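Report on one structure; see the data block that follows.
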Amino acid sequence: MNAVSPADLYCTHLDTLKARADRALASTGHDHLLIASGVEKYTFLDDRSYPFRANPHFKHWLPLQQHPHAWIAYTPGRMPVLVYYQPDDYWHVPPAPPRDDWVAHFDIRVIRSPEEAVHHLPAGHAAIIGEADAALPGFVPNNPPAVLDHLHFHRACKTPYELALMRQAQTRAVAGHLAARDAFLADASERDIHRAYLAATGHSDLDLPYNNIVGLNEHGAVLHYQYQDAEAPAEHRSLLIDAGAEVGGYAADITRTWSRGDADFQALIDAVDAVQRDLCSSVRAGVDYRALHLQAHLALAGVLRDQGIVAMTPEAQLASGVSSVFFPHGLGHLIGLQVHDVGGFLADESGGTLPRPDGHPFLRLTRPLLAGMVVTIEPGIYFIDSLLAQLRARPEGKAVDWDKVAHLARFGGVRIEDEVLCTEGAPQNLSREAFAAAA
């Protein structure tokens with residue numbers, strides 16, 4: 001049986017967004033929801049523009065990503081209006097005429113200049129979502145917090161349309177990861193591994209959902225390693241690649257760590273992978289993600305003990321902060337229209353925040369899990385010089401096998417990351433499913 005396409009699911013998705021908007025507007029006393037796609041921005045003292053990134057609220061309604069100066073105007077009970085900017089431009093390729101199945105669901109108004117949009121936006125008390133640069137006379141983005149909180153809270157739960165696009169993004173990213181692995185095994189440089197990833201995914205640097213992290217050897221210890229060496233190292237010991245893809249405005253975010261035969265480092269990869277799989281299986285409706293994060297710390301601390309790296313109980317490592325030396329970031333985050341999707345701290349649709357656990361300032365998700373959420377699960381163990389130096393100066397440093405740390409530090413670190421769909425029953429690992437399909 002063929003999988004249902006996103007186009008077949010779009011109408012129901014749009015009905016869901018309308019219903020959410022109806023509730024948000026009614027509860028806050030607004031008459032209309034206006035969403036600006038955004039504007040092009042230019043570099044300082046130059047006429048070159050930065051890559052355009054559409055307002056995620058705009059992408060939520062329409063699969064349009066390269067359309068600055070467009071607007072959506074929604075009034076409950078009426079067909080939504082799309083103000084579609086299509087300039088007469090011979091310097092650049094203008095947007096094509098609106099097409100695809102979604103056009104039947106919008107009242108489309110084509111404009112030739114951004115200022116014309118004001119003639120197609122409704123008067124009244126409107127919630128206007130967008131950046132300040134998108135302002136037009138009489139229509140200045142006000143981004144009402146109560147409206148945003150409501151929309152962000154519910155955006156965490158994906159519609160079938162969104163899940164179909166996210167699965168396609170996983171497939172696209174997995175092709176890149178397999179190509180990157182092969183390039184690593186062929187002794188390529190970081191830059192050439194990245195290029196192999198781009199070729200396999202069909203992406204360019206400009207349309208990736210985030211800048212790929214491609215770290216060989218010690219570079220795997222830099223959590224957001226931002227460079228790509230053009231020269232290959234003398235020895236290829238390890239590769240940590242955190243790289244994504246995008247389809248229809250929805251992101252994939254996958255990390256894998258590869259080794260070249262060192263038994264100790266491969267044992268560490270295998271142990272982190274086992275922990276990661278177990279954590280993925282714990283993604284269940286009602287589970288507090290903060291508890292899952294602390295569970296990850298205990299499990300990784302168990303790996304540090306069992307691998308002979310830290311001679312302390314997992315509980316003692318967590319209580320003393322030793323586990324945070326080796327696992328200093330959060331377990332994961334919401335993902336969808338944005339790689340780090342919004343709404344991760346909201347207490348409910350009315351706002352308020354749920355705090356992070358004490359001592360864990362970098363966790364990006366504190367909500368209990370709900371069916372329909374897609375979260376990343378990305379535990380890791382790293383050997384970061386600055387954090388290790390601090391640990392060595394503490395009394396707990398005596399429990400560390402520093403010779404083993406010195407050996408493993410040559411490989412940087414390990415991170416394994418999948419995207420997992422929370423359901424009413426067993427979770428679905430979107431990343432592992434895509435890898436299995438590619439095998």
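The values are calculated or read from the model by the stated rules, or taken from the named source; none is laboratory data. Note that the structure is a prediction, hence the values are computed from the model and not measured. Ideal geometry is used to build each Cβ from the backbone, glycine not excepted, and the neighbour counts take in all protein chains shown. Keep in mind that these areas ignore ligands, DNA and RNA; they rest on the heavy atoms of the full protein, side chains included. Shrake-Rupley method; radii C 1.70, N 1.55, O 1.52, S 1.80 Å.
Values for this structure:
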{"item": "Candidates H152, H125, H13, ranked by Gaussian network fluctuation over the chain, Cα under 10 Å, top entry", "result": "H125"}
{"item": "Residue-level accessible surface for C422, protein heavy atoms, 1.4 Å, Å²", "result": "0"}
{"item": "Cα long-axis angle, helix 289-306 against the chain (0 to 90 degrees, to the nearest 10)", "result": "20"}
{"item": "Taking segment 95-149 and dividing mean pair separation by its residue count, relative contact order in percent (alpha carbons under 8 Å, at least six apart)", "result": "24"}
{"item": "For the chain: accessible area per residue (Å², 1.4 Å)", "result": "43"}
{"item": "Taking the chain and dividing mean pair separation by its residue count, relative contact order in percent (alpha carbons under 8 Å, at least six apart)", "result": "15"}
{"item": "Pairwise label distance in nanometres, R109 with A406, each label 7 Å out on the Cα-Cβ vector", "result": "7.2"}
{"item": "Considering only segment 1-146, percent of DSSP beta bridges that pair antiparallel, nearest 5", "result": "50"}
{"item": "The chain: most fluctuating residue of E235, E246, E40 per GNM, C-alpha cutoff 10 Å", "result": "E235"}
{"item": "Segment 252-366: relative contact order as a whole-number percent, Cα under 8 Å and 6+ apart", "result": "22"}
{"item": "Solvent-accessible area, 1.4 Å probe, carbon plus sulfur percent, for the chain", "result": "54"}
{"item": "Under-21-angstrom lysine pairs by C-alpha in the chain, whenever the two are 8 or more apart or on separate chains", "result": "4"}
{"item": "Considering only the chain, percent of DSSP beta bridges that pair antiparallel, nearest 5", "result": "80"}
{"item": "For segment 260-280 and segment 360-387, distance of Cα centres in Å", "result": "18"}
{"item": "Per-peptide average of other Cβ atoms within 10 Å, ordering 86-99, 25-38, 194-207 highest first", "result": "25-38, 194-207, 86-99"}
{"item": "Point-to-point label distance, A436-T43, nm (Cα→Cβ direction, 7 Å offset)", "result": "4.6"}
{"item": "Three-way shape label, segment 337-382, alpha-carbon gyration tensor, a/c 1.5", "result": "oblate"}
{"item": "Positive minus negative residues near P6 (Lys, Arg vs Asp, Glu; Cβ under 10 Å)", "result": "-2"}
{"item": "Burial order of peptide ranges 348-357, 294-303, 134-143, 69-78 (average beta-carbon count within 10 Å, highest first)", "result": "294-303, 69-78, 134-143, 348-357"}
{"item": "Student exercise, segment 242-394 dipole from Lys, Arg, Asp, Glu Cβ charges, in Debye to nearest 20", "result": "260"}
{"item": "Computed [θ] at 222 nm, deg cm²/dmol, the chain (DSSP H ≥ 4; -39,500 (n - 2.57); rounded to nearest 500)", "result": "-11000 deg cm²/dmol"}
{"item": "Contour excess over end-to-end distance, with Cα ends at Q86 and A285 and 0.36 nm allotted per residue", "result": "67.2 nm"}
{"item": "Alpha carbon centroid spacing (whole Å) that separates segment 99-147 from segment 421-438", "result": "37"}
